[in-house]
Structure formats: C-alpha cells, structure tokens
Protein chains: 2
Amino acid sequence: MELIMVFKALSNETRINILIWLKEPRLHFPAEELQDYDANLGVCVSDITKKAGLSPSTTSDYLSLLQKCGLIEATRVGQWTYYKRNEGAIETLNNLIQKAF
Amino acid sequence: MELIMVFKALSNETRINILIWLKEPRLHFPAEELQDYDANLGVCVSDITKKAGLSPSTTSDYLSLLQKCGLIEATRVGQWTYYKRNEGAIETLNNLIQKAF
DNA sequence: TCGGAATTTCGGGAAATATCGATATGTTTG
DNA sequence: CAAACATATCGATATTTCCCGAAATTCCGA
C-alpha cells in the first residue's frame, strides 16, 4: 500500500465518489442494477460508468487505478467485471494515516 | 477543508515528509536550527529547504500549498516565516477521512 | 460461427502540476 | 542608504493527469 499512490488516486472527485458509492451501493445505484450485488460481487463497470457520467474507457481506467493501489477489488463473471471495496485495505489505510499524521 | 485539495497536497513525497517533520521538529532538525521552536512558532523556511534538498522557491511553493489547504500555518517574524502544523485541521481531516471512507 | 455487448487497452490533445532560476519584496544591519 | 538575507512570486519548460475515441479482447447467445 503506497501512501502516495493512494493519495494520487484520491486526488480526483470521481474516484473519491466511486469509493463512497461502493460503500453503500443500495443507496447509490438503482435496485435493478444490483442483481448480483447480494452475492457480494460488487457493482459492474457499466453501472458505475452511468453513475459517473464519464466514458466507459475513463471509468475503466479509474477503476483499475483504484484497484492497483488496493482500494477496490475486481471479480470477473462472464462479460462483466464487478468491483467492490477492499475494506481491509481501507481500514489499514485509515490506520496508516492516523499514525502518520 | 477541501478533501481533494488535501489529497493533491499529499500526493508528493516531500510534502508528506514536511508534515511528518513538523510533527516532531526536534527529531528532524538540528537543535541549533530550532532556536525559536520553543516559542511554538514552528520551523523556518530555510531549515525546511535544507532538509528537503529542493530549491527555496519550490520549498516555499510547497509550504504555501500546504498552508492553502489548511494543514499548516505560518507566522512571520522579521525576515523569517515559521511554519507549524495546524493540529486542529489535521485532526478534523482524520475524522473526515474516517467518516468518508 | 457471427454479431453484439462489456470491458480493457492504447494513443493523443488539452489542461494541470512540478520545479527551477530570475526577479521582487520586505527586513536587518552596517 | 546600501548590502546582505529570507522569503515569495513569476515565467518557463518538462512532466503528469484528465478524459476521450478507436481498436482490441473476451464472452455470450442466436
């Protein structure tokens, strides 16, 4: 967990929002878009794309950036990729920030 | 306190370090450079510049960036500007991060 | 197997950031 | 006042980030 990489990832409103949306998907995505959410897979790229209002490619870039620094994790199921928060990593990060600053 | 501005400010190793150095100046600066530290003024720009190994202008830029987003505060005394952490703001920030993520 | 959907990857132009040296401003001291 | 400092600001260039569209990949269903 590279602290600087994490801060870079969080230096963007959309990426911050994605993390917040994924904290409570039911609050932020229409119910019919969350069919596989109960299986704890997360939310798929196209739903996040819609919500973010950006192009699919940008959204995909953002998601893989968040994944690279460990904040979220991906599960591929057929043609969909579901992303969810990596709560353990986020907790670790919070502790790290707490200690460092 | 703009969260994004804070994350941008922290997306740089030197700026992170400055915050950490200022947490415990005695640990990070030679004693003879901390003559006014006991007055709770902070550490002056040239000492931080030396420690950072960057140009004075860059260091000054960094400090005013950190100041703009509220993480540190400045006190001008004669020709010197002393910077110290804004512990209240940093605490607020930690709580904000805790809540948001 | 073919067409289409979801996603990723790639290349690029515009905008923002990093970092410097030069310059400007304000301060102290002779 | 002039010289010497400490710091801040400005202008320039190199690098990075933002965000897109096009193309590639993977998977599914007819």
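The values are calculated or read from the model by the stated rules, or taken from the named source; none is laboratory data. Just so we're clear, the structure is a prediction, and the values are computed from it rather than from any experiment. All Cβ positions, even for glycine, are placed from backbone atoms using ideal geometry, and neighbour counts span all protein chains on display. Protein only, heavy atoms only, side chains kept; ligands, DNA and RNA dropped before computing areas. Shrake-Rupley method; radii C 1.70, N 1.55, O 1.52, S 1.80 Å.
Structure values in brief
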item	result
Estimated D of the range B:1-84 in µm² per second, where Rh is the Kirkwood radius over Cα pairs and Stokes-Einstein applies at 10 °C, 1.306 mPa s	124
From phi via Karplus (6.51, -1.76, 1.60), per-residue ³J(HN,Hα) for the range A:70-79 in Hz, x at Gly/Pro	x, 6, 9, 9, 10, 10, 8, 10, x, 8
Average beta-carbon neighbours from other chains, 10 Å sphere, peptide A:3-13	5
Long-range amide H partners of A:Cys44 with built H, under 5 Å	A:Tyr83
The range B:44-98 and the range A:9-28: distance between their alpha carbon centers, rounded to Å	29
Over the range B:3-100, relative contact order from alpha-carbon pairs under 8 Å, at least 6 apart, %	27
Per-residue ³J(HN,Hα) for the range B:51-64, Karplus 6.51 cos²θ - 1.76 cosθ + 1.60, θ = phi - 60°, Hz, x for Gly and Pro	4, 6, x, 10, 5, x, 5, 4, 4, 4, 4, 4, 5, 6
Neighbour net charge for B:Trp21 - beta-carbon separation under 15 angstrom, K R +1, D E -1	+2
For the protein assembly as shown, diffusion coefficient by Stokes-Einstein and Kirkwood Rh (Cα), 25 °C, 0.890 mPa s, µm²/s	131
Protein-protein interface of the range B:59-101, residues with accessible area decrease of at least 40 Å², isolated chain reference, 1.4 Å probe	B:Asn94, B:Ile97, B:Gln98, B:Phe101
Largest-first principal axis extents, alpha carbons of the range A:57-96, Å	36, 20, 10
Nearest-first distances (nm) between copies at B:Ile4, label 7 Å from Cα via Cβ	2.3
Expected 222 nm ellipticity per residue - DSSP helices of 4 or more, -39500 (n - 2.57), all of the protein assembly as shown, to 500	-16500 deg cm²/dmol
Per residue solvent-accessible surface (Å²) - the range A:1-90, probe of 1.4 Å	52
Integer Hz, Karplus 6.51/-1.76/1.60 couplings in order for the range A:95-101, x for Gly and Pro	5, 4, 4, 4, 6, 6, 10
